[in-house]
Amino acid sequence: MVQDKMMSGVVLTGHGGPEALEWRDDLAVPQPGPRDVVIRVRAAAVNNTDINTRIAWYSKGEAEADDATWSGKPLEFPRVQGADVCGEIVAVGIEIDTGRIGERVLIEPCIREADGELQEPAWYFGSECDGGFAQYTRVADRHAYRIDSDLSDVELASFPCSYSTAENMLTRANVRDGETVLVTGASGGVGSATVQLARARGAKVITTTSPAKAEALRDLGAIKTLTRNDDVLAELGAGSVDVVVDLVAGPKWPALLDVLRSGGRYAVAGAIGGPIVELDIRTLYLKDLSFFGCTVLEPEVFGNLVGRIERAEIKPLVAEVHPLRDIGKAQESFGEKGYIGKIVLEIP
């Protein structure tokens with residue numbers, strides 16, 4: 001068992017603004033259940049889900065609703081958030097090989113097992129259960145993936161959530177070598193990860209982003225960049241794209257289907273431009289399009305991602321690093337979107 005009995009960390013005390021995040025030095029160190037591991041957290045990144053959970057976005061703006069988490073499970077307070085975790089295993093449950101102690105690991109953020117039980121629907125690490133914004137965290141053994149890499153803890157913590165979300169969308173849409181993929185909102189954590197991972201599959205990538213970030217995305221492998229104000233249909237032409245990976249939605253959404261070829265695929269895992277869109281159902285069935293709503297990771301996704309990291313097929317994009325105590329400042333920077341990649345917190 002872990003020798004420390006108490007730890008420091010940040011807890012979410014309720015729905016609201018940054019004032020709902022509270023630093024605590026009296027948190028109990030988690031102890032492993034029979035099939036769990038306890039991890040000494042070294043770094044954890046900031047995500048949209050952290051903020052969406054804090055402001056009750058998943059309950060469609062009603063903080064008192066019962067569906068204010070990723071899966072719909074009522075949120076319990078106080079909650080240690082944080083889905084992107086890099087750390088070291090320091091204790092294991094009685095059913096787990098003690099040889100795992102000392103392993104450097106990344107935590108799979110999509111949790112199918114917790115508290116000794118299978119979870120259906122899956123949980124999100126740091127939402128339905130405590131996550132990584134503290135010195136120690138606990139997770140089922142199956143969700144702690146050993147990583148062999150020369151990258152720093154901060155760099156590795158930039159990968160789990162955004163890159164697994166991106167890899168999951170590309171997996172669900174079955175993106176193949178030579179295909180053309182349009183990525184919306186490409187400068188964020190998931191978007192920039194999608195550019196890299198699509199290129200690793202041999203796909204040609206087109207992005208939408210701000211003019212200030214276009215060159216950086218071309219450096220990641222995009223063959224063409226459009227601004228958010230461009231007319232996508234006029235710029236690309238009808239039927240010019242095999243797959244759309246969408247993180248924006250919003251009022252310009254119908255054009256994304258217009259640029260898809262017959263038999264094209266649309267994958268979505270975000271709605272930063274607005275969640276309500278207008279769909280002409282005739283476009284969907286007359287073009288034989290396939291839609292993929294992507295939340296729960298396919299079983300093979302996280303292991304495949306770890307392999308790509310270890311083979312250096314993709315690179316970390318760390319925009320800012322803050323101490324955990326400055327989580328409010330980090331989330332403020334996150335909301336300003338003036339960067340490419342991820343904002344990471346170092347754990348004391």
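The values are calculated or read from the model by the stated rules, or taken from the named source; none is laboratory data. All of these numbers come straight from a predicted model, not from anything done at the bench. Every residue, glycine as well, gets a Cβ built from its backbone with ideal geometry; the counts of neighbours run over all protein chains shown. Side chains included, ligands, DNA and RNA excluded: accessible areas come from the protein's heavy atoms. Shrake-Rupley method; radii C 1.70, N 1.55, O 1.52, S 1.80 Å.
Each principal axis of the Cα cloud of the chain was evaluated for its coordinate range; sorted largest first, these ranges are 62, 44, 37 Å. Quick check: from the Cα gyration tensor, does segment 221-285 come out rounded (a/c under 1.5), prolate or oblate? Cα axes put segment 221-285 in the rounded bin.
Taken as Cα centroids, segment 242-270 and segment 313-348 sit 28 Å apart, rounded to the nearest whole angstrom. In terms of its alpha-carbon gyration tensor, segment 199-257 comes out oblate; a/c meets the 1.5 threshold, while b/c is at least as large as a/b. Between the beta carbons of residue 148 and residue 22, assuming R0 = 51 Å, the FRET efficiency works out to 0.90 to the nearest 0.05. In this simple spin-label model, placing a label point 7 Å from the Cα along the Cα-to-Cβ direction at both residue 234 and residue 120 gives a separation of 5.0 nm.
Extension gain for residue 300 to residue 286 (0.36 nm times residue separation, less C-alpha to C-alpha distance): 1.8 nm.
Using Cα centres only, tell me the gap between segment 25-47 and segment 207-238 in whole Å. The distance from the Cα centre of segment 25-47 to that of segment 207-238 comes to 40 Å.
Which of 14, 222, 251 sits farthest toward the positive end of the charge dipole of the chain, with +1 on the Cβ of Lys and Arg and -1 on the Cβ of Asp and Glu? Selected residue: 222. In a DSSP loop and with at most 14 other Cβ atoms within 10 Å, the GluC sites (Glu not before Pro) in segment 264-339 are 278, 300, 313. Under the rule a/c < 1.5 gives rounded, and otherwise a/b versus b/c splits prolate from oblate, where does segment 215-348 land using the Cα gyration tensor? Prolate is the answer for segment 215-348, as a/c is 1.5 or above and a/b outweighs b/c.
Per the helix-only calculation at 222 nm, which mean residue ellipticity applies to the chain, given -39500 (n - 2.57) for every DSSP H run of n ≥ 4 and division by its residues, nearest 500 deg cm²/dmol?
Result for the chain, helices only: -6000 deg cm²/dmol.
The phi torsions of segment 112-124, fed into the Karplus equation with coefficients 6.51, -1.76 and 1.60 and a -60° offset, translate into couplings of 9, 9, 7, 6, x, 10, 6, 10, 9, x, 4, 8, 10 Hz, rounded to whole numbers, with Gly and Pro shown as x.
Across the chain, the relative contact order, built from alpha-carbon pairs under 8 Å that are at least six residues apart, equals 17 percent.
Shown is the FRET efficiency for residue 4 and residue 210, computed with R0 = 41 Å from the Cβ-Cβ distance and rounded to the nearest 0.05: 0.40. Exceedance of the 21 Å cut-off in Cα-Cα distance is limited, within the set 204/224; 204/315; 252/287; 213/337; 73/342; 224/342, to 73/342; 224/342. Over all projection directions, the Cα-based convex hull of segment 49-191 averages an area of 10.7 nm².
For segment 136-221, averaging the sequence separation of C-alpha pairs within contact (under 8 Å, six or more residues apart) and dividing by the residue count gives a relative contact order of 26 percent.
Given a cut-off of under 8 Å on Cα pairs at least six residues apart, what relative contact order in percent is computed for segment 203-320?
Worked out over segment 203-320, it gives 18 percent.
To put it simply, the accessible area of segment 241-328 at a 1.4 Å probe is 54 percent carbon and sulfur.
Ordering of 232-242, 338-348, 147-157 by packing is 338-348, 147-157, 232-242, highest average first (other Cβ atoms within 10 Å, averaged per residue). Amide hydrogen proximity for residue 179: with H placed 1.01 Å from N in the peptide plane, the residues at 5 or more positions away or on another chain lying under 5 Å are 204.
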